Amino acid sequence: MFDSELLTYLRHASVRETEVMADNRRVTAAQDNGNLQVDPEQGQLISLVLQLMSARRGIEIGVYAGYSSLWIAQSLPAGGQLLACDTDAEITQRAQQAWAAAGVADRIELRLGPALATLDNEIAAGMAGQYDFVFIDADKAGYIDYYERALALVHGGGLIIADNTLWHGRVIDPDDSSTDTQAIRDFNRYLHGDERIDLSLVPIGDGLTLARKR
Ligand SMILES: C[S@@+](CC[C@H](N)C(=O)[O-])C[C@H]1O[C@@H](n2cnc3c(N)ncnc32)[C@H](O)[C@@H]1O
């Protein structure tokens, strides 16, 4: 979206990563598929919006090495809770180490297993309408199902956030009919026509959709 010089400027001019966040991002980028985490300016925007909402209780779908959850957890007040969903026990060990280093481990509960089952269990346990926000950043084919569960779990005025909704520009490539690209196109179309929400697709990072439940 930005050329690299302007992106460097944007980060220098605005991003306030903690040392733990910066370490977590650099180590992950160097060792693994580092482009799986949100960009720092996205993390900071999510954190700011959650603070504006005075959010206390939320869900993250797709934890990976913990970078976005560090931003989220630091925006929660004492006593706030993040239910962090992932299937990967190995990579989330790094997330748990980062949470401890950042002093936010007490605000985060890691729930290992397919996120859809975790969300359905929350609904079955009477948690519908009890959450302030849900952040969706896992398998793209699951986005619409996660969104429907998220709509049930947040209260009116609650926020659903989804990452990768511009999918590196592949959404407008007529030659790209891959499953993930089509899933993102379907997700964007689904939300655009959904009168249950107010909506903005923010062109930051890989595209960040904010949907407020009416
Ligand atoms: C893009 S990464 C998340 C990045 C993280 N939100 C960040 O910005 O630091 C996607 C994560 O979703 C997890 N995932 C994939 N399919 C899943 C599923 N069905 N249920 C729960 N987690 C899943 C993967 O294991 C991976 O860690």
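A few notes on this one:
- Summing Lys and Arg as +1 and Asp and Glu as -1 over all other residues whose Cβ lies under 12 Å from the Cβ of Arg196 gives a net charge of -1.
- Residues whose amide H falls under 5 Å from that of Glu60, counting only those 5 or more places apart or on a different chain, are Leu83, Ala84, Cys85, Phe135, with hydrogens built in the peptide plane.
- Across the range 60-128, the mean sequence separation of Cα contacts (distance under 8 Å, 6 or more residues apart), normalised by length, yields a relative contact order of 36 percent.
- In terms of its C-alpha gyration tensor, the chain comes out rounded, because the ratio a/c of the largest to the smallest axis stays below 1.5.
- In percent, rounded to a whole number, the relative contact order of the range 4-213 is 17, using alpha-carbon pairs under 8 Å and six or more apart.
- Evaluating 6.51 cos²θ - 1.76 cosθ + 1.60 at θ = phi - 60° for every residue in the range 6-20, the Karplus couplings come out as 5, 5, 4, 4, 4, 5, 5, 7, 9, 6, 10, 6, 6, 4, 4 Hz, glycine and proline recorded as x.
- For the chain, DSSP calls about 35 percent of its internal beta bridges antiparallel.
- Between Tyr190 and Ala117, the contour length at 0.36 nm per residue exceeds the alpha carbon distance by 24.1 nm.
- Cα centroids of the range 2-29 and the range 64-115: 20 Å apart.
- Amide H contacts of Gly158 (H built 1.01 Å from N, under 5 Å, at least 5 apart or other chain): Lys213
- Length added when fully stretched, Asp173-Asp198, from 0.36 nm per residue minus Cα-Cα: 6.3 nm
- Under-5 Å amide H pairs with Asp39, H placed in peptide plane, nonlocal only: Asp206
- Rounded to whole numbers, the Karplus 3J(HN,Hα) couplings from phi for the range 79-95 are x, x, 9, 10, 8, 9, 10, 7, 9, 9, 5, 6, 5, 6, 5, 5, 4 Hz, using 6.51 cos²θ - 1.76 cosθ + 1.60 with θ = phi - 60°, and x at Gly and Pro.
Each reported figure results from applying straightforward, stated rules to the coordinates on display, with no laboratory input. Remember, it's a predicted structure, so these values are computed and weren't measured experimentally. Note: ideal-geometry Cβ built from the backbone for every residue, glycine included; neighbour counts use all protein chains shown.
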